[in-house]
Amino acid sequence: MKLKCNLCNEGPIVELPEPQYFDELILCPDCGRTLASVKKDSFENLVWKVWDKMKIDVDIPDGKSGEWKIDTFEMNEEDCLLYNSKNEGRELPPGMYKRLMCGCETVMTNTPNEINDHLEFINEAKQKGGHVLITGLGLGVCIKAILESEKITKISVIELSKDVIKLVAPTYMKDERVEVINCSAFDYEPPENIRYTCVWHDIWYDICADNLPQMNKLHRKYENKTDWQGSWVNDLCLEQTTSDVNYPFYGN
């Protein structure tokens, strides 16, 4: 299992070793923050307990609009044991979480394993500041994370679904630095005089190599409008071109 420290500017990747002792603490080698601990659960198995700092709490109320809905769900220890046994490298700790769903499909959660997927962008945006572009609104966890930085002057979010905007946008547009634009990421044309410090693409439901052509298309579209850009789990999608690894979400 790998974690990134979201308090260090560079966000070092920390490889969690096979635990030798119960209650062993895993520390970030740069800042010394505790990233995780290992405990023995009631089923006599070793499981990773990722600390709450790896989760970004969102204040979006549960609700439904069209096929889209936001709800709160619980992962208890038994749920986590089952999920973690099938998802090596994307383990979950027990807790209460939010998820965005379209029909019966989970599109996004604020679980620590998914937050970890966004830390590269979050750290980059906080460091650079300025005007940031995000394609895909989701639960807005990236918005909440980077709004903590006073360096951020504006966040433009492109979202195709009016229902997602209705459910999620009001929570974040209370901050005057946030604007949400109802448009496809592929059709949106940024103003000619705008240049973004960072662009982050997150419009996909699952981790799949089939997403790579769209990622490449978006990167070509925005490459002359930004100093830095990335796409959600691009590295894991690339892995699938040479392996049979699959990384499903947890959902009903």
What residue, among those in region 168-191 that are in contact with a Gly (Cβ under 7 Å, 6 or more places away or on another chain) and closer than 9 Å to residue 137 by Cβ, is surrounded by the most Cβ atoms within 10 Å (Cβ to Cβ)?
168
Look through region 195-252, keep the residues that are of a type in the set (S, T, N, Q) and in contact with a helix residue (DSSP H, G or I) (Cβ under 8 Å, 6 or more places away or on another chain), and return whichever of them is modelled with the highest pLDDT.
197
Close pairs from region 80-95: first surrounded by 17 or more Cβ atoms within 10 Å (Cβ to Cβ), partner of a type in the set (Lys, Arg), Cβ under 6 Å, at least 6 apart:
93/49
Checked against (1) within 22 Å of residue 241 (Cβ to Cβ); (2) among the aliphatic types (A, V, I, L, M); (3) at pLDDT 90 or above, residue 178 satisfies every condition except (1)
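Looking only at residues in region 64-100 that are of a type in the set (Phe, Trp, Tyr) and outside any helix (DSSP H, G or I), which one is modelled with the highest pLDDT?
First, pick out the residues of region 64-100 that are of a type in the set (Phe, Trp, Tyr): 68, 73, 83, 97.
Filter once more, so that each one left must be outside any helix (DSSP H, G or I): 68, 73, 97.
Values: 68: 97, 73: 93, 97: 93.
Once the filter is applied, the top-ranked residue is 68.
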Residue that is farthest from residue 173 (Cα to Cα) [pool: residues in region 115-149 that are surrounded by fewer than 23 Cβ atoms within 10 Å (Cβ to Cβ) and in contact with a Gly (Cβ under 8 Å, 6 or more places away or on another chain)]
120
When you scan region 151-172, do you find a residue that is polar (S, T, N, Q), assigned by TED's automatic domain parsing to the domain that holds residue 236 and closer than 18 Å to residue 129 by Cβ, even just one?
yes
Filter region 109-130 for residues that are under 29 Å from residue 189 (Cβ atoms) and under 8 Å from the mean Cα position of the chain (by Cα) and give the result.
117, 118
The lone condition residue 133 fails out of (1) touching a residue at least 60 places away in the same chain (Cβ under 8 Å); (2) over 17 Å from the mean Cα position of the chain (by Cα) is (2)
Is there any pair linking a residue in region 171-197 that is touching a residue at least 12 places away in the same chain (Cβ under 8 Å) to one that is of a type in the set (Gly, Ala, Ser) and assigned to a loop (DSSP other than H, G, I, E, B), with Cβ under 6 Å and at least six apart or on different chains, and which?
172/140
Within region 101-113, is even one residue assigned to a helix (DSSP H, G or I), surrounded by 17 or more Cβ atoms within 10 Å (Cβ to Cβ) and not acidic (Asp, Glu)?
yes
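Among the residues of region 219-238, how many are within 19 Å of the chain's Cα centre (by Cα), hydroxyl-bearing (Ser, Thr, Tyr) and not in a strand (DSSP E or B)? Step through it out loud before you land on a result.
The initial filter retains those residues of region 219-238 that are within 19 Å of the chain's Cα centre (by Cα), namely 219, 228-238.
Restricting the remaining residues to those that are hydroxyl-bearing (Ser, Thr, Tyr) gives 231.
Pick out the ones that are also not in a strand (DSSP E or B) and you get none.
Number satisfying all stated conditions: 0.
The values are calculated or read from the model by the stated rules, or taken from the named source; none is laboratory data. For clarity, every value in this text was computed on a predicted model and none was experimentally measured. A quick note on method: Cβ atoms are made from the backbone with ideal geometry, for glycine too, and the neighbour counts reach across all protein chains shown.
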